[in-house]
Amino acid sequence: MAAGDLARLLALAALWGASFLFIRVAVLEVPPLGVVEARLALGALAIALYALLIGQPRVLAGLRRPDAALVGMVSAGLPYLCFAWGETRVASGIAAIVNAAAPLFSAGLAQVLPHRPESERLTPVRTAGLAVGLGGVVALVLVEGIGGHVDLLGLGVLLCAPVLYAVGAFLARRVFAGDTALVPAVSANGLAALIVLPFALVAGRPAHALSIQAVLSIAALGVGGTGIAYVLYYRLLASLGATGALTVTYLLPGFALVYGALLLGEPIRPAAVVALVLILAGTALTNRVGTRRRAAPLPGQAESAISDQRS
């Protein structure tokens with residue numbers, strides 16, 4: 001791997017890992033819907049500006065497609081809300097571990113969908129991967145949630161996000177078939193921002209003037225964790241291909257755990273680390289077959305641009 005690609009890979013993992021930190025800081029002062037709205041709008045704007053700079057103005061055409069609005073809400077708006085609300089009750093590191101399970105839910109959903117590609121059919125290796133990874137999710141719920149270390153309702157809401165990412169990936173493949181990856185990235189975030197806006201206004205304004213930490217966190221979440229991060233991913237996918245770009249999936253939870261521990265004082269409990277190892281091992285096994293033949297998933301966005309790992 002070239003030094004430039006390695007630097008972009010580490011920067012991408014650092015940005016996506018920091019998204020959970022930014023969310024946690026922002027929701028201490030801003031209602032979750034307000035955080036989601038800012039993230040969607042700033043992210044869409046940043047990606048649209050990048051598309052214009054590289055001479056791809058046609059990516060904005062997706063904003064005129066009604067079906068893209070559904071993709072945007074399922075793959076961006078609702079999962080972002082799950083993370084924002086969930087992190088009012090759960091540590092940012094735990095949220096990152098939950099996000100790491102997104103490829104598992106996507107692979108599991110593929111097994112019940114009609115006309116799935118040959119590269120996504122169930123194999124012994126993929127079955128083992130799903131079992132190991134979902135075992136990590138169960139361990140996280142049993143030990144951290146039911147065990148009382150983590151708010152169970154918050155953890156349950158967080159777990160809805162990777163499920164939504166999986167469904168969003170399925171919808172994006174059908175709605176954006178044949179489009180470049182920038183089209184769903186702009187339209188999903190942009191249209192979801194328009195839909196969320198009235199709800200964010202009704203949810204109310206912050207009770208007091210925002211601190212500089214909250215303002216910077218929201219700006220970094222939208223421009224950095226959503227906009228710039230996607231541009232880095234787009235560059236990596238072009239230079240490294242699906243297999244190389246997929247490496248970021250395994251790096252970002254570690255960054256998130258370290259950020260939470262160092263900057264927010266969040267404990268890193270052994271059970272959470274074990275759950276993360278199981279989830280990542282399951283993801284590695286699940287993606288071992290056919291990885292070179294399909295696009296790498298984007299954590300926290302849809303698969304062609306929105307699926308397994310927003311965060």
_Can you order the peptides 149-158, 168-177 by their average number of other Cβ atoms within 10 Å per residue, highest first?_
168-177, 149-158
*When the distances between all Cα atoms of the chain are binned every 10 Å from zero, what whole-number percent does each bin get?*
7, 30, 37, 22, 4, 0
*Rank these for me by crowding, 280, 159, going from fewest to most other beta carbons within 10 Å.*
159, 280
*Once a ≥ b ≥ c are taken as the square roots of the eigenvalues of the Cα gyration tensor of the range 86-215, is the result rounded (a/c under 1.5), prolate (a/b larger than b/c) or oblate (a/b not larger than b/c)?*
oblate
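Any read-out appearing in this document is the output of simple, stated calculations on the displayed coordinates, not a laboratory observation. In this text, all values refer to a predicted model and were calculated from it rather than measured experimentally. Cβ sites come from the backbone with ideal geometry, for glycine too, and all protein chains shown count toward neighbours.
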